[in-house]
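Please read the structure below before turning to the comments.
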Amino acid sequence: MYLNQSIILALSNKNGDNMASQRKTQTIPRATCARILMNAGANRVSVPAAAEFSEVITKIALSIGEKAVKIAQHSGRKTVDDRDVKLAASK
């Protein structure tokens, strides 16, 4: 399912940039990373461990994202969909 134009416009700022380009940080929040580690079985997670996990996961996610964009472009589409992400993650 794709975002419709009204939602995209609502998420855009006055210059037409989308919200992803407005973010102040490009990393996954440390609290989210700590929660992932705790869901994986950790009893406690240090702040440096959560920060490092955030950096590693962000690099992996960016790599998968870049591959997914290339797959979509190769397929003649501008929109990245779930199939592209799944294929990129499997490589």
| said: So, in the stretch 44-91, how many residues would count as being among the polar types (S, T, N, Q) and in a helix (DSSP H, G or I)? | reply: 5
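Each row is one residue, and each column tells you yes or no for (1) of a type in the set (Val, Ile, Thr); (2) modelled with pLDDT of 95 or more; (3) exposed (fewer than 11 other Cβ atoms within 10 Å of the Cβ).
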residue	(1), (2), (3)
ILE7	yes, no, yes
LYS14	no, no, yes
GLN26	no, no, yes
ASN39	no, yes, yes
LYS67	no, yes, no
| query | Looking at the stretch 46-53, is at least one residue loosely packed, with under 10 Cβ neighbours inside 10 Å, over 25 Å from ASP82 (Cβ atoms) and modelled with pLDDT of 90 or more? | reply | yes
| task | Mind telling me which of the residues ARG35, ARG30 ends up being at pLDDT below 95 and under 17 Å from the mean Cα position of the chain (by Cα)? | result | ARG30
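The values are calculated or read from the model by the stated rules, or taken from the named source; none is laboratory data. Just so it is clear, the structure is predicted and the values come from calculations on it, not from any experiment. Note that each Cβ is placed from the backbone with ideal geometry, even for glycine, and that neighbours are counted across all protein chains shown.
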